[in-house]
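Colleague: The structure follows.
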Amino acid sequence: MPAVTKEQVFDPAFLASLSHLRIVARRVPRDGRFAEQRSQDLGHGTDFRDFRPYAPGDDFRSIDWNIYQRLGKVFLRLYEELEDLPLYLMPDVSSSLFLEQPPRAIAGLRTTLALAAISLNHHDTTGLFPFSNDCEILARPQSGRGKVMLFAERLANVEPGASTDIAAAIKRFNSFGLRRGLLTIVSDFFDPAGIDAVAAALKQVRHKLLLVQLVRRSDAEPTASGDVRMIDCESREAEDISVTPALLKRYRDAYDQFQSSLAGFAKKRGAGLLRIDVDEEIVPQLASVFEAGRYAV
């Protein structure tokens, strides 16, 4: 299998081109670390949002004394807290992603690093959880711009995994019990169990979801013709077939159904779906979904 080098995953110009992009949360979950996102918590931030009656143990400094003077009742002024948006990145490192030339895994790892850099550059907590038929912790959730190089080195040293089992990987990820955030899965989403099993597994995720699908033009338009031997890139099972126009039509119909099912799940779940052409530059494709430099979740 071809090795993935640090140079293929990381270069300074690549990261510099991401500096204007940002992931923005409409609301982040409670109990986070102070940062730049708007939280569901109400506390001692800078933007006033609401009042509530005083309760024993509340901070006297939050009492609105003007209301007390007018009404004789004690109310607190509540402000929006600014916290971090946890970003959990699950790049697919199944063996099949390392077989093509160039390997689809390179685009997947570069996309993962790009999203990690965007998050870390804005003080959000970020973690790496590569998967194949399981899910591992490559980098525990952490924050700070200085961690970008660490993430690049970790991703550059990723080894090809086993066969794809997204359901098993999601189950393992869920067992980590991480604070609710944004889970981004970077994969081609080809799974021997089929797209329905993938969708069923994704339904078990309690985080917000962003699905980054790694695609190639040949996925939709295969170029095979005549009598060929097809070898499953993960199971290594072989089958001799005759590629006819009728067979190609059946394949295209199945692929269209696969794409439709993935998009339908994303729409129903309210998840983001971004398709990355692995043979094109990554940053322009990412920039296309960042409205005015931002991607809102």
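Colleague: Of all the residues that make up the stretch 149-162, how many are open to solvent by less than 50 Å² (accessible area, probe 1.4 Å) and either in contact (Cβ under 8 Å) with a residue 60 or more places away in the chain or acidic (Asp, Glu) (or both)?
Modeller: Count: 7.
Colleague: Then there is this: Within the stretch 159-199, can you find the residues that are at pLDDT 95 or above, small (Gly, Ala, Ser) and farther than 26 Å from residue 278 by Cα?
Modeller: 175
Colleague: Working carefully through the options 259, 213, find the one that is surrounded by 13 or more Cβ atoms within 10 Å (Cβ to Cβ), farther than 25 Å from residue 155 by Cα and of a type outside the set (D, E, K, R).
Modeller: After ruling out the rest, the residue left standing is 259.
Colleague: Right, next: Quick check on my filter: what residues within the stretch 78-108 are of a type in the set (Phe, Trp, Tyr) and at pLDDT below 95?
Modeller: 79, 98
Colleague: Any residue in the stretch 185-204 that's more than 20 Å from residue 216 (Cβ to Cβ): show its pairings with residues that are open to solvent by less than 40 Å² (accessible area, probe 1.4 Å) and part of a loop (DSSP other than H, G, I, E, B) at Cβ separation under 8 Å, as long as the two are six or more apart or on different chains.
Modeller: What qualifies is 197/191; 202/271.
Colleague: Now a separate question. For the stretch 223-251, which residues satisfy the criterion of being without any contact (Cβ under 8 Å) to a residue 60 or more places away in the chain and open to solvent by less than 80 Å² (accessible area, probe 1.4 Å)?
Modeller: 224, 226, 228, 232, 238, 241, 242, 243, 244, 246, 247, 248
Colleague: What are the pairs, 6+ residues apart or on separate chains, where a residue within the stretch 1-19 that is within 16 Å of residue 286 (Cβ to Cβ) has its Cβ under 8 Å from a residue that is modelled with pLDDT of 75 or more and not in a helix (DSSP H, G or I)?
Modeller: none
Colleague: (1) hydrophobic (A, V, I, L, M, F, W, C); (2) open to solvent by 10 Å² or more (accessible area, probe 1.4 Å); (3) out of contact with any Cys (no Cβ under 9 Å at 6 or more places or on another chain); (4) not in a helix (DSSP H, G or I): which one isn't true of residue 176, the others all being true?
Modeller: Result: residue 176 fails condition (3) only.
Colleague: Let me ask another. Could you list, in sequence order, the residues of the stretch 91-108 that are polar (S, T, N, Q) and either in a helix (DSSP H, G or I) or surrounded by fewer than 19 Cβ atoms within 10 Å (Cβ to Cβ) (or both)?
Modeller: Residues satisfying the conditions are 95, 96, 101.
Colleague: When you scan the stretch 109-123, do you find a residue that is modelled with pLDDT of 75 or more and in a strand (DSSP E or B), even just one?
Modeller: no
Colleague: Tally time: how many residues in the stretch 155-173 are among the polar types (S, T, N, Q) and touching a strand residue (DSSP E or B) at 6+ places or on another chain (Cβ under 9 Å)?
Modeller: Result for the stretch 155-173: 1.
Colleague: Can you tell me which residues in the stretch 163-173 are in contact with a Ser or Thr (Cβ under 8 Å, 6 or more places away or on another chain) and either surrounded by fewer than 20 Cβ atoms within 10 Å (Cβ to Cβ) or not in a helix (DSSP H, G or I) (or both)?
Modeller: Residues satisfying the conditions are 163, 164, 165.
Colleague: Take the residues in the stretch 118-137 that are of a type in the set (S, T, N, Q) and crowded, with 21+ Cβ neighbours inside 10 Å; name whichever of them is farthest from residue 188 (Cα to Cα).
Modeller: 125
The values are calculated or read from the model by the stated rules, or taken from the named source; none is laboratory data. Fair warning: this is a prediction, and the values are worked out from it, not measured in the lab. Here the Cβ is made from the backbone with ideal geometry for all residues, glycine too, and neighbour counts use every protein chain on show. Accessible surface is based on the protein model in full, side chains and every heavy atom, while ligands, DNA and RNA are left aside. Shrake-Rupley method; radii C 1.70, N 1.55, O 1.52, S 1.80 Å.
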